[in-house]
Each structure stands twice: as structure tokens, then as C-alpha cells.
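First comes the structure, then the notes that go with it.
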Amino acid sequence: MKQLFKYMSKPRNFFEEGFVRLSQPSVLNDPFEAAFCRTSLDELASHFDHPTSFDPEFGELDYSKYVELRMHHIGVISFTENKENLLMWAHYANEHKGIVAGVVHCSLYGSIFENLFRSDSLINSSFGEKWSHFDGVPQPVSYRKGLRYRNDKFDYDYSNISAEGADRVLYEVFLQKSDEWIYEQEHRIILRLEQSDRVIIPDINAISNKHVKSRIEAAQYTEVNSKNDCCTVNLCNIKDNAERVTVAMELARLSQNPKVIYQMKLSPSAINNCLIGLKSETIKSDVQGSHALRTGYLDIWKAIKNMDYYSIEFEQI
């Protein structure tokens, strides 16, 4: 069992509905996200049985080209091992005015999501679920000085790369960061944006495919604000897998607009505690949401100063 924490500026609907943002590269704060050494990756791929991989839309591609084209279809949910880091409370929890949500992962139960969508044969380059890395399981980030593949291209086992496809590489580049970030002790869940449970679009007219746009507008799984054309698409309510894939693929194309929000719905059993910041106005009842309490337990703590050291402690409330 792995206990992780999510720093937040506000609780929003996390405890009430269980939704957490799946952040696309355009909203991440590290300009080196998914950076890799292209020359070294091309050299590594030359040793594979098949130096190219198949993409459902673009056909045969070099591994480096596949990553370049598909990196904006990836979303990241960041967690940390450390609930007491003063810098992270300042940076990610609104200067100690926010909260930290505790999330637990048990390997026996697979992902931490309520119902992870895994239509791998349609949206991945791997051969089905068995070889897909986008399984909703948090993994620790690797911190290094050099770009991925620059000095470590032969450090890993690629014996199954023919079955894993270029998605293996696409997944890997989001699991490495500069060692400048090592204080964050980050664990990540990396998914394709097509796996999103909900997508919020500031303007429905941004959807270029008119046929898909019409289907979305008329569907019961969609909420459209007639005043500003803001649209919420509840992909998790789509019963037909083929329709869900069609709609999700079109919405993933909007990812380079940072105002488009992709979300995943956590299992209520994965949410096990809440830590309220030193300067937060959040109270206990604010985080006792129906989704988080569905399993009957949610520990709630309030941060207090340790007056002997530069540190914080927590008391249960």
C-alpha cells in the first residue's frame, strides 16, 4: 500500500465528486517536460527488431517522431510522498491557504480511479492492455541531470518493445525530470487524455469536427452553458465504447489550449485523508464531501507550527 499526497490551492469538487485534473503539457510548470535526446533515442531504436512503431492516425513513425506528435495527448497527475514540505505548501497550496489531499494506492486493486477507461487497442500503439503502461498506477519520478536517453539509453530492458510500441517511450519521457525538482519526491500517474472521465471546454466552437461537435451538443452526457458556450463533456457517462473513443480523440486535440481542463474521477476508497493548511480558511465540513465519505472514513487534520524547528505538524480535527 502506498500513501501519497496531492497539494491543492482549494478543495473545489475533489471531496464532493472525486474529480482531479489530468494536466496536459501546456499547463505544466516545467519547460523541460517530456524533453529527451532525439539523437540518442534514434540510436537506441536502431537496435530494436522494428525501428519504427505504428500510430493509428499517422501510420509508421520513428519513435522520436511518435513522441513529438503524441506528447500533447498525454496527461499527468502529480502526487508526492511528503505532506510537510514547506516549499510545496507555499507553491502548490496557495501559500499554506490550501489543503493537501491524501490518496492511497493498493496494488491489489489496480488503479486509483473509479472506472479507468482502457480502450487500448484503439488509442494506443501497444498490443492491448497487457502491454500498455497507461494503467492508472502511480510511479516515482526519476531525477537526473541529463535528458532522457542521453546517457541512459541502454540502462533499461526493451526486450518487449515490439509489443509495447512507442507508447513505452512516450510514457518514459514523462517519468524523468531534472534533479532540481528532487525535493518534490514526486509520483506520477501518466495517462492518455483520451482516457479522461470529464473534459471542460471554454468554448464548444473550438471543436473543429462538425459531426462530433453536433453529437456532443445533442448528447445527454453534455452540459452546455448557453451564456458563454462553455461545455462540460462527461465522458464517463458514455455507454458505447466506440462513441466514447470518437469523442475523446476529438477532445484530446484541444490539449494545447491551457484553458481546456481534462479530469479523472478517483475511487472513493482511494481518498483517505485531508490536511488543512496553516493559513487556510477551509473548515472540516468543507471537505466532508459525499464522494470521499462513501466508504465511511476520511481523516481530517489541521496544520500547526512546530515552535522549535522550521516545520509543521498536524492535529486531527
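Accessible area of the range 127-186 with a 1.4 Å probe: how many percent of it is carbon plus sulfur?
Roughly 50 percent of what the probe reaches on the range 127-186 is carbon or sulfur.
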Practice item. Arrange the residues Y92, Y262, Y7 by how much accessible surface each exposes, largest first, with a 1.4 angstrom probe. Key: Y92, Y7, Y262
**Study point:** Separation of alpha-carbon centers, the range 274-289 and the range 131-157, rounded to whole Å
**Key:** 36 Å
Check your understanding: Rounded if a/c is under 1.5, else prolate if a/b is larger than b/c, else oblate: which is the range 122-165, with a ≥ b ≥ c the root eigenvalues of its Cα gyration tensor?
Key -> oblate
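Give me the 1.4 Å probe accessible area per residue for the range 84-166, excluding ligands and nucleic acids, in Å².
I get 50 Å² per residue for this part.
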Check your understanding: Among rounded, prolate and oblate, which fits the range 198-317 when a ≥ b ≥ c are the square roots of the eigenvalues of its C-alpha gyration tensor, a/c under 1.5 means rounded, and a/b larger than b/c means prolate?
Key -> prolate
Exercise for review: Using the structure shown, list the pairs from K2/K239; K239/K259; K153/K259; K97/K227; K97/K145; K145/K279 with a Cα-Cα distance above 29 Å, or answer none.
Suggested key: K2/K239; K153/K259; K97/K227; K97/K145; K145/K279
Check your understanding: Among rounded, prolate and oblate, which fits the range 48-140 when a ≥ b ≥ c are the square roots of the eigenvalues of its C-alpha gyration tensor, a/c under 1.5 means rounded, and a/b larger than b/c means prolate?
Key -> prolate
Study note, to complete from the structure: PRE zone check, label point 7 Å out along Cα-to-Cβ of D229, amide N under 19 Å, scope the range 181-222, hits 199-219, 222
Check your understanding: Expressed as a rounded percentage, what relative contact order does the chain have, with Cα pairs under 8 Å and six or more residues apart?
Key -> 27 percent
Review point. What aspartates and glutamates sit close enough to K177 to cross-link, taking a C-alpha to C-alpha distance under 19 Å and skipping anything fewer than 8 places away on the same chain?
Key: D30, E33, E68, E81, D152, D155, D167, E186
Review point. Of K177, K284, K227, K302, which has the most accessible area with a 1.4 Å probe, and how do the rest follow in descending order?
Key: K227, K284, K302, K177
Exercise for review: Could you let me know the centre-to-centre spacing of the range 1-33 and the range 93-126, using Cα atoms, in angstrom?
Suggested key: 10 Å
Point to revise | Bridge type composition, the range 229-317 - antiparallel percent by DSSP, nearest 5 | key: 60 percent
Check your understanding: Scattering from the C-alpha atoms of the chain alone, worked out with Debye: what is log10 I(q)/I(0) at q = 0.07, 0.10, 0.13, 0.16 1/Å?
Key -> -0.30, -0.61, -1.01, -1.40
Exercise for review: List the GluC sites (Glu not before Pro) within the range 11-88 that fall in a DSSP loop (any state other than H, G, I, E or B) and whose Cβ has at most 12 other Cβ atoms within 10 Å.
Suggested key: E57
Revision key, fill the gap. Put T232, T80, T39, T52 in order of accessible area, largest first, probe 1.4 Å, and you get T39, T52, T232, T80
Check your understanding: Of the residues G296, G277, G165, which exhibits the maximal mean-square fluctuation in a Gaussian network model of the chain defined by a 10 Å Cα contact cut-off?
Key -> G296
Review point. Can you give the relative contact order of the range 201-271 as a percent, counting alpha carbon pairs under 8 Å and 6+ residues apart?
Key: 34 percent
**Study point:** Stretchable slack from F154 to K305, in nm (0.36 nm times residue separation minus alpha-carbon distance)
**Key:** 49.7 nm
Study note, to complete from the structure: Taking a probe of 1.4 Å and leaving out DNA, RNA and ligands, the range 169-292 shows per residue an accessible area in Å² of 42 Å²
Study note, to complete from the structure: The answer for F314, listing residues at least 5 apart or on another chain whose modeled amide H is closer than 5 Å to its amide H, is I304
Check your understanding: Roughly how much of K305 is accessible, in Å² to the nearest 10, using a 1.4 Å probe?
Key -> 140 Å²
Exercise for review: First compute the accessible area of the range 3-90 with a 1.4 Å probe, then give the percent of it belonging to carbon and sulfur atoms.
Suggested key: 52 percent
Exercise for review: Using label points projected 7 Å from each Cα along Cα→Cβ, tell me how many nm separate Q139 and K284, to one decimal.
Suggested key: 4.1 nm
Check your understanding: Tally Lys and Arg at +1 and Asp and Glu at -1 over the other residues with C-beta under 13 Å from the C-beta of V247: what net charge comes out?
Key -> 0
Revision key, fill the gap. Carbon plus sulfur, as percent of the 1.4 Å-probe accessible area of the range 196-276, comes to 44 percent
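The values are calculated or read from the model by the stated rules, or taken from the named source; none is laboratory data. Predicted, not measured: the structure shown is a model, and the values here were computed from it. No Cβ is skipped: glycine too gets one built from the backbone with ideal geometry, and neighbour counts run over all protein chains shown. Keep in mind that these areas ignore ligands, DNA and RNA; they rest on the heavy atoms of the full protein, side chains included. Shrake-Rupley method; radii C 1.70, N 1.55, O 1.52, S 1.80 Å.
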